Every structure is written in structure tokens, then in C-alpha cells.
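One structure below.
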Amino acid sequence: MTQERFDYAVIGGGLAGGWAVSGIRERDQSGSIVLFSAENDLPYDRPPLSKQLWKGDTTLDKIYVQPPEYYAQNHVVVKLGTRIAALDRREHRLRDESGGEYLYGKLLLATGGAPRRLPLPGGDLPGLCYYRTADDYRTLREAARAGRSALVIGGGFIGSEMAAALTIAGLRVTMLFPERYLVSRVFPESLGLALNAAYRAKGVEVVAEDAPTAIETAHGAYRVRTRAGRSLAADLVVVGIGIAPNVELARAAGLEVGNGIVVNERLQTSDPDIFAAGDNAFFPEATLGPRRIEHWDNAVSQGKHAGRNLAGAGQPFTDLPFFYSDLFEFGYEAVGDVDTRHETFADWQEENKTGVIYYLAHGRLRGAMMCNVWEKVEAARALIRAQRPVTAQQLQGAIA
Ligand SMILES: Cc1cc2nc3c(=O)[nH]c(=O)nc-3n(C[C@H](O)[C@H](O)[C@H](O)COP(=O)(O)OP(=O)(O)OC[C@H]3O[C@@H](n4cnc5c(N)ncnc54)[C@H](O)[C@@H]3O)c2cc1C
């Protein structure tokens, strides 16, 4: 069998992979590039899948990372619907699921993550939606006719956004999650409980502090049994209970893997010819310490950065990534460790529901969440990077 050879191979046509290609081309205009994606779509932005697409603010053809013609114009070979099944580091060889073989010079693993499955009876029933891709959007959009009912399992980012999206689409939505309030890992209690109330005011039935134990189908609908003895019926079930990083290729190839593929500050794995970026990469963040981040800005900036480094830039990755979300009219941008296990302090204006929540540990700022407050990401980054001893009083008005 012939083996095509490429100077650069990118496995994963998501956000990090899509941006990596332009990072490579910034430094090397002639080296050959191949991008493999298990999906059938060119690299696209995922955030609109749970937001703007449901509000009618955009369409699938407008959310590409690069316009479709970019790849041919920049001599990038794109192999869609092609999952790489094996990586031979010694031979610098990749094999896809159909047996196709490719040789690479430098390789980027931008394989992202896969939705966690519900480990319970009925958790693998056909039609259950573990929401992640444009194809999931197409399928759900088709099924999500106004007046139907949807049960959203999970109260984190995806669950909360999808409950809002489906409500906007005219469905009767129930949310089921084990915590006391929405997005509880990130929101302090008072704000989280206020969000529960805001969702209820929008017509969402919020079932908190309960969890599914089994899922069945009957007469074309689902019935979800819960720990507290509830029996919830719905036409559609959408599950958003987190993701697991796609690390199998890396692990099988003998790369160092922990909570993600372990990379150094240049996003290089334990093999100097292989890099990783995005949701799958465990990297040494300079201010806050080693971590893996499952957010858009990180995937975009690491993807681009890794691309440049594949092409020889050799630069450390120093961005402090931010993330954002929209829940009905409530939107926020956040930087750093926005984790409610830290001490939190809210600089809040109740009358217009805006403000900044600060997250502190050992008297130093770890993270900041700007709620309905915009264009303050750089200010938040600077405060966190400073790592000066700081009190809640000193933080009053520091960002907003
Ligand atoms: C619905 C939704 C909404 C979101 N909204 C927000 C938001 O509002 N704000 C925010 O900050 N973040 C948001 N995120 C998170 C953000 O989109 C992710 O952090 C980002 O997509 C990660 O990019 P990635 O390239 O690392 O992985 P992915 O985008 O998951 O891409 C990985 C790609 O690799 C492919 N792949 C995996 N293994 C192989 C293989 N062996 N061979 C070939 N291809 C392979 C996958 O099929 C996939 O196409 C959202 C995510 C989702 C799903």
C-alpha cells in the first residue's frame, strides 16, 4: 500500500486542529499539511451549537473556523470522515480506520474530548443525545419541534445552555441534575439559586438534587426514573454531563498521559515530534499551575500556538485563557480558576444584575467572572497574573 507523506499532520478537525493549520502556515508557506477529522464537517466553532444557532442568529455555513476555500488555497489536504486508529512513533506513521497509511514529519494531536456517557440502564438507548457536534445539532434540531418535551440531564455548561436553547425553540423543558443549583462548580450559591429561579421563570422545570437511575422507551418517548423516585417523561433526552479527553491514541503510542496528554510549555508531548492542544492537553499554565482546559479560547489559542511550534517557532504558551457562556439574557466571561471551592467575593449590583465575582485562595486572586460586564478580560488577566496579596476590600471596583 502507498503511504502519503506530509511534513505536518494534524489529527482532529475541531477548533484546535482548525486553528493549528493557520499557525503552521504563518511560519511555513510550503510544507505539506494534512488535517484528519473523524467528523464530516470542516473545522467549525462549537459554541454556537448551543446558543446562536437556536436563536436564529447564525447558520451552520457561517460558523467555519476558515472559509471552505481556505484549505485548497493554502494547500492543506483535508481528510474528513477519517478517524486515525493507530500511531507508530518510531516509523512516524499513522493508520486510519480503513487501513490508509500516512507518514508525518511533525504531528499535532488535537483530538478534543468525547461526551461522558450515563453509566446506567438505558444510558446507551438509540436516540439519546450526547450533545457535541454539528451532526448532533442537525439531528436534535430536526426532532426539536415546538410543543414537544425535552429532558436535559446535567446542570453544567452544556446542560444549562441546551435547556435555554430548547426553551427558546418552543419546547417544554425539564432539567435534572444532582447539585442544588445550575453550574454549581462555578457560580456561588446566591447567584446559582437566582439562576434556578430565572430558569423557572422562563418555564423550565428545574429538578435539582436528584439524578437519573434508569432510562426506558415507551411509545416513541422516554421515561427517566430518578434516585428520589420520580418518573419523568419526555420526547427527547439531551445529556450534558461533561467530557473525557480523547487520549487513547496517545496512550497506545506510549506518550505520557494523565488528566489529558501531558505537554510542556511549548505544547510538546513526551515525544518532541508530537504536540497536543485544546481539550485534550494537560499543560503547565504559568500563573495558576498545570491544568487541562475545556474551553473555546484555550482551543483556539493553543491550536494556533501549537501550529507555529510544529513549524519550528519553539515558543512557550503563555496565554491565560478565558471562557464565556450565555444563559438566556445572562452572559459572562471568566478568566482563571473560577471554582467555588475557592473563597468567593461578589462585587455586585443587584438592580441591573451585573458585577464581578472574584475567586481567591491564600489571599491571592485565582479567577474572576464578569457577569453581564464586557471587555474586561484583559483587566482580569492582569490582576490574576500579578499574584499580589489582595483583600476583598481592595478588589471592590477593581474590574467593573
Ligand atoms: C455545544 C458546545 C458549546 C460550547 N460552548 C462553549 C462556550 O460557550 N464557551 C467556551 O469557552 N467553550 C465552549 N465549548 C467548548 C469548546 O467548544 C471546546 O473547548 C473546543 O471545541 C475544544 O476544541 P478541540 O479542538 O480541543 O476539540 P474538539 O472541538 O472536540 O475537536 C476535536 C476533533 O477531533 C476529532 N477526532 C478525535 N479523535 C480523532 C481521531 N482519532 N482521528 C480523527 N479525528 C479525531 C473529533 O471528532 C473532533 O472533530 C462548547 C462545546 C460544545 C460541545
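Since every read-out is calculated from the coordinates, none of them should be taken as a lab result. All values reported here derive from a predicted model rather than from experimental measurement. Note that we place each Cβ from the backbone using ideal geometry, even for glycine, and neighbour counts take in every protein chain shown.
With contacts taken as Cα pairs under 8 Å and at least 6 residues apart, region 123-239 reaches a relative contact order of 30 percent. Extension gain, Asp88 to Glu142: 0.36 nm times the residue separation minus the Cα-Cα distance gives 15.3 nm. Over the C-alpha atoms of region 166-245, the Rg to Rh ratio, Rh being the Kirkwood estimate, stands at 0.98. Normalising the average separation of contacting C-alpha pairs (under 8 angstrom, six or more residues apart) by the number of residues puts the relative contact order of the chain at 16 percent.
Of all DSSP bridge pairs formed entirely within the chain, close to 60 percent run antiparallel.
For region 329-395, the alpha-carbon radius of gyration amounts to 1.04 times the rule-of-thumb value 2.2 N^0.38 Å expected for a compact globular protein. Close amide H pairs (under 5 Å, H built 1.01 Å from N) link Thr340 with Val186, residues at least 5 positions away or on another chain.
With each label modelled as a point 7 angstrom along the Cα→C-beta vector, the Ala201-Arg291 pair spans 3.1 nm. Spacing of the modelled spin labels on Arg95 and Glu4, each 7 Å from Cα toward Cβ, amounts to 1.9 nm. Length available on full extension from Arg385 to Asn372: 0.36 nm per residue minus the Cα-Cα distance, which gives 2.4 nm. At a Förster distance of 25 Å, what's the computed FRET efficiency of Glu343 paired with Asp57, Cβ-Cβ distance as r, to 0.05? The computed FRET efficiency comes out at 0.10. Remark on Gly367: its backbone amide H falls under 5 Å from those of Asp337, Tyr359, a criterion applied only to residues 5 or more positions apart or on other chains, H modelled at 1.01 Å from N.
The calculated P(r) of the chain, using every Cα pair and 10 Å bins from 0, goes 5, 22, 28, 26, 16, 3, 0 in percent. Each peptide in 277-284, 5-12, 57-64 gets a packing score, the mean of other Cβ atoms within 10 Å over its residues, and the list from highest to lowest is 277-284, 5-12, 57-64. With 0.36 nm allotted per residue and the present C-alpha distance subtracted, the Gln29-Asp273 stretch has 85.9 nm of extension available. Peptides 164-170, 186-192, ordered by how many other C-beta atoms sit within 10 Å of their residues on average, highest first, read 164-170, 186-192. Each residue of region 303-308 was assigned a 3J(HN,Hα) from its phi angle through the Karplus expression (A = 6.51, B = -1.76, C = 1.60, θ = phi - 60°), giving x, 4, 5, 4, x, 4 Hz with x at Gly and Pro. Taking the centroid of alpha carbons for each part, region 69-87 and region 106-170 are 26 Å apart. With a Förster radius of 41 Å applied to the beta-carbon distance between Ala398 and Gln73, the computed FRET efficiency rounds to 0.35. 3J(HN,Hα) couplings calculated from phi for region 357-369 with the Karplus curve 6.51 cos²θ - 1.76 cosθ + 1.60 (θ = phi - 60°) are, in sequence order, 9, 9, 10, 10, 9, 6, x, 10, 6, 9, x, 8, 10 Hz; Gly and Pro show x. Computed from point charges on the beta carbon alone (+1 for Lys and Arg, -1 for Asp and Glu), the dipole magnitude for region 201-270 about its Cα centre is near 120 Debye. With a Förster radius of 30 Å applied to the C-beta separation of Thr217 and Arg251, the computed FRET efficiency comes to 0.30. Here the label points at Leu103 and Ala361, each 7 Å from Cα along the C-beta direction, are separated by 4.7 nm in the simple model.
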